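Read through the structure below, which is laid out as structure tokens, and then see the notes.
The values are calculated or read from the model by the stated rules, or taken from the named source; none is laboratory data. Note that this is a predicted model, so its numbers are computed, not measured. Heads up, the Cβs are rebuilt from the backbone with ideal geometry, glycines too, and the neighbour counts pull from every protein chain shown. Keep in mind that these areas ignore ligands, DNA and RNA; they rest on the heavy atoms of the full protein, side chains included. Shrake-Rupley method; radii C 1.70, N 1.55, O 1.52, S 1.80 Å.
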There are 4 protein chains.
Amino acid sequence: MDDRPSYAEEKKKLRNRLSRIEGQVRGISKMVDEERYCIDVLTQLSATQRALDKVAIELVADHTRKCVIGADGPEQSERTEELLEAVSRLVARR
Amino acid sequence: MDDRPSYAEEKKKLRNRLSRIEGQVRGISKMVDEERYCIDVLTQLSATQRALDKVAIELVADHTRKCVIGADGPEQSERTEELLEAVSRLVARR
Amino acid sequence: MDDRPSYAEEKKKLRNRLSRIEGQVRGISKMVDEERYCIDVLTQLSATQRALDKVAIELVADHTRKCVIGADGPEQSERTEELLEAVSRLVARR
Amino acid sequence: MDDRPSYAEEKKKLRNRLSRIEGQVRGISKMVDEERYCIDVLTQLSATQRALDKVAIELVADHTRKCVIGADGPEQSERTEELLEAVSRLVARR
């Protein structure tokens, strides 16, 4: 038995996070509009980046558990290489 | 004579960028909704992070040019320390 | 048939990279010693960080290919979670 | 009166940090040599990256306080742009 949340639950969780991030970006836009102090805008922006990092890590985890581990043979090799390429982009911010 | 864009122009540029980023985040949400392939979602997410990095760097530049360089004495010291704290958060992703 | 380099070759490649990084760090120390211009030191430091990022990505790839893909059942689950934790540390710089 | 450490003290502190980082990189090389578990090597590598991040932030702070704030006119503009370019490289890991 697997006690990880079902895909429907994970999807809902991801969408809630992304919806909050969308609100954060809108908030930053409003702060720029109101000519708020740069440092306060930057603090909000750092928080948004951390939130995006968490979504990225969640997606890497989903992909590894579902698409890499579950696959077999050549398909597994291909998906592993895709995963490593994606991780490389996240780490090196390319 | 200063040939840098006026603050009104810079503000408009920043808001355009943020508006595009908001659209990118909404697009990622839609991709999750449509159960698109994780790796494609991650590629879009990396692009969004790079776009946010650019806004952050633009804000650091604005703050340095306007609030640090222009200030004097104790105010300048205080604003420099605030700037360095913000840069530290960006670099170390805290 | 697997056309990836053998472990001995990969190990040699990793050690060469790390040896170059060690030299880069020693070079930075020397630059500080000689009171070289901060910006030049920072340029060298950014190059060193990129080199370390590459080693990290290489280690993630090795672990995924050898310890995750090759394992089975509970061991595979455990190693996947360890991998995801390590990737999370790299992305979020914790 | 300025209560920040003198340059000699800061230089000594930087060199001590860099010397520790050099030791950390040598330790990672040894771990690879002994075929230690990838995840343990990655943990050590993440710690090394955080240590380098701290040195980078310290150098940005030094440059800002000494070379940007102290300069005047065109020299100050030039040094500010150099600083912003260096920060940009650190944030975007270019």
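Sequence gap at least 6, Cα distance under 8 Å: using those rules, report the relative contact order of chain B to the nearest whole percent. The partial results should precede the final answer.
Details: 30 pairs, mean separation 20.6, N = 94.
Once divided by the residue count of chain B, the mean separation gives 22 percent.
Restricting to DSSP H runs of at least four residues, report the calculated mean residue ellipticity at 222 nm for chain C, -39500 (n - 2.57) per run over all residues, nearest 500 deg cm²/dmol.
Value at 222 nm, helices only, nearest 500: -27500 deg cm²/dmol.
Across 10 Å bins from 0, what is the distribution of all Cα-Cα pair distances for the protein assembly as shown, in whole percents?
Result, from short to long distances: 5, 22, 29, 24, 15, 5, 1, 0 percent.
I'd like the carbon and sulfur percentage of the solvent accessible area for chain C, probe radius 1.4 Å, heavy atoms only, ligands and nucleic acids excluded.
The computed percentage sits at 48.
Rounded to whole Hz and in sequence order, give me ³J(HN,Hα) for the range C:22-37 from the Karplus expression 6.51 cos²θ - 1.76 cosθ + 1.60, θ = phi - 60°, writing x for Gly and Pro.
Values per residue, Gly and Pro as x: 4, x, 5, 5, 4, x, 5, 4, 5, 4, 4, 4, 7, 6, 5, 4 Hz.
Taking every pair of alpha-carbon atoms in chain D, give the share separated by more than 19 Å as a whole percent.
It works out to 57 percent of all Cα pairs.
Can you give the average number of partner chain beta-carbon atoms within 10 Å of each beta-carbon in peptide B:74-80, as a whole number? Display every interim value, and only then the final one.
Numbers: counts 0, 0, 1, 4, 0, 3, 5.
Averaged over the peptide's residues, the number is 2.
Which of the lysines could a cross-linker span from C:LYS54 if the Cα-Cα distance has to be under 25 Å and same-chain partners fewer than 8 positions apart are dropped?
Hits, sequence-local ones excluded: A:LYS54, B:LYS54, C:LYS11, C:LYS12, C:LYS13, C:LYS30, C:LYS66, D:LYS30, D:LYS54.
Counting only other chains, what is the mean number of Cβ atoms within 10 angstrom of the Cβ of each residue in peptide D:14-26? Please report the intermediate quantities before stating the final value.
On the way: counts 5, 5, 1, 2, 11, 3, 1, 8, 8, 2, 2, 13, 5.
Per residue, the average neighbour count from other chains is 5.
Go through the range A:41-46 residue by residue and turn each phi into a ³J(HN,Hα) via Karplus (6.51, -1.76, 1.60, θ = phi - 60°); whole Hz please, and just put x for glycine and proline.
Once θ is set to phi - 60°, the couplings for the range A:41-46 become 5, 4, 4, 5, 5, 4 Hz.
At 20 °C and a viscosity of 1.002 mPa s, what translational diffusion coefficient does Stokes-Einstein give for the range D:17-63, taking Rh as the Kirkwood radius over Cα pairs? Give it in µm²/s as a whole number.
Working: Rh = 11.3 Å.
This corresponds to a translational diffusion coefficient of 189 µm²/s.
Can you pull the mean other chain C-beta count within 10 Å for peptide A:30-36? Let's see the in-between values first.
Details: counts 2, 1, 11, 4, 0, 2, 0.
What the average comes to for A:30-36 is 3.
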